[in-house]
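In what follows, a structure is listed as structure tokens, so that the remarks can point back to it.
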Amino acid sequence: MSGDVAAGAGREPFGARLAAAMADHGPLCVGIDPHPVLLADWGLTDDAAGLRTFARTVLDAVGGRVAAVKPQSALFERHGSAGVAVLEEVVAAGRETGTLVVVDAKRGDIGSTMAGYADAYLRDGSPLAGDALTVSPYLGFGSLDPAVDQALATGRGLFVLCLTSNKEGHEVQHARTEDGATVAASIAARAAALNAGLDPMGSIGLVVGATVGDAATRTGTDLTRVNGPLLAPGVGAQGAGQRELTQVFGAARRQVLASSSRGVLAAGPDVAALRTAARRAADEARAALA
Ligand SMILES: O=C(O)c1cc(=O)[nH]c(=O)n1[C@@H]1O[C@H](COP(=O)(O)O)[C@@H](O)[C@H]1O
């Protein structure tokens, strides 16, 4: 495994593609999270047909206009194979719009099983393979090796959970490892090693919630050395805004891809209103992270 494996299928590495998309459209990822309550608000049924209309509406509004979209797998899986089939359609349709697709499935397992997830979410030709996948390193960062290898070989990316936006995350992420470093700091250091020397940035990103306050400082997590994208959920519905983005990321802010789901989706189902909400969120993120 190394950080400079050539991208497969002639595709530029994810880190380079994301850097270009963020420069073009602003540092915003719009989450496609079809919560039951949102489906009801939009006048849609809580079934596969409702999911399809919901996701297509979001893509009509923001496809080709934002840096990335992030379908939340759990909310498609709720409907079993019919929901997963819609997720596959969303991945394909999102990629056709030219917007990068981050599949938010937070996968993590022992290495041999992780290879299966890597095939499912990161292999060329797999119907669930977007441009990047969220993964969980809490079975040990090395357990993610199959996903790292597959991502780097196919020009895809990973977002590894590091300092998550939920209030319980500190129980694990602030704990200390055998060498005395915090779990979060050691995860960031492993990502940094994989991204070292890559320009404009590597493809192994981290998830650092915009809600975590000064957790990076308190855990000794040096985000400025990661040289990879920092996905920052928590913007909007979880309470983070421009001030939090600036405070949490400091000197690492140029690597940040702010992520908002309900904060944008609440403007639906009107396509123009969704587009305006996404534009506003992207402009705010750009200003906060400039
Ligand atoms: O990996 C994620 O995207 C993620 C990590 C994290 O620490 N916190 C977090 O909220 N998320 C996801 O980001 C989305 C947040 O949605 P909103 O709170 O509606 O903006 C959900 O799909 C979450 O699962």
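The values are calculated or read from the model by the stated rules, or taken from the named source; none is laboratory data. Quick caveat, the model's predicted, so the values are computed rather than measured. So basically every Cβ, Gly included, is an ideal-geometry build from the backbone, and we count neighbours across all protein chains shown. Please note that ligands, DNA and RNA were not included when accessible areas were found on the heavy atoms of the full protein model with its side chains. Shrake-Rupley method; radii C 1.70, N 1.55, O 1.52, S 1.80 Å.
Some points to look at:
- On a per residue basis, the convex hull of the C-alpha atoms belonging to segment 5-91 measures out at 113 Å³.
- Here the sum of -39500 (n - 2.57) over DSSP H runs of 4 or more residues, divided by the residues of the chain, equals -13000 deg cm²/dmol at 222 nm, to the nearest 500.
- DSSP finds beta bridges in the chain, and of those with both partners inside it, around 5 percent are antiparallel.
- Calculated diffusion of segment 126-259, Stokes-Einstein form, Kirkwood radius summed over Cα pairs, 10 °C and 1.306 mPa s, µm²/s: 107 µm²/s
- Here the contact order of segment 8-289, divided by its residue count and restricted to Cα pairs under 8 Å and six or more residues apart, works out to 20 percent.
- Taken per residue, the accessible surface of segment 206-253 reaches 41 Å², heavy atoms only and a 1.4 Å probe.
- Average projected area [Cα convex hull, segment 105-174], square nanometres: 4.6 nm²
- Model label zone, Ala175; criterion: amide N under 17 Å from point 7 Å along Cα-to-beta-carbon; scope segment 183-215: 183-188
- Counting all C-alpha pairs of the chain, share separated by more than 36 Å (%): 9 percent
- Range of Cα positions in segment 53-142 per principal axis (Å), largest first: 38, 27, 23
- For the peptides 206-212, 115-121, 67-73, the ranking by mean Cβ contacts within 10 Å, running from highest to lowest, is 206-212, 67-73, 115-121.
- Contour minus Cα-Cα distance for Ala273 and Glu168 (0.36 nm per residue): 34.4 nm
- Within a Gaussian network of the chain (alpha carbon springs, distance under 10 Å), most fluctuating of Glu244, Glu89, Glu178: Glu178
- Of all accessible heavy-atom area on the chain, the percent that carbon and sulfur account for (1.4 Å): 50 percent
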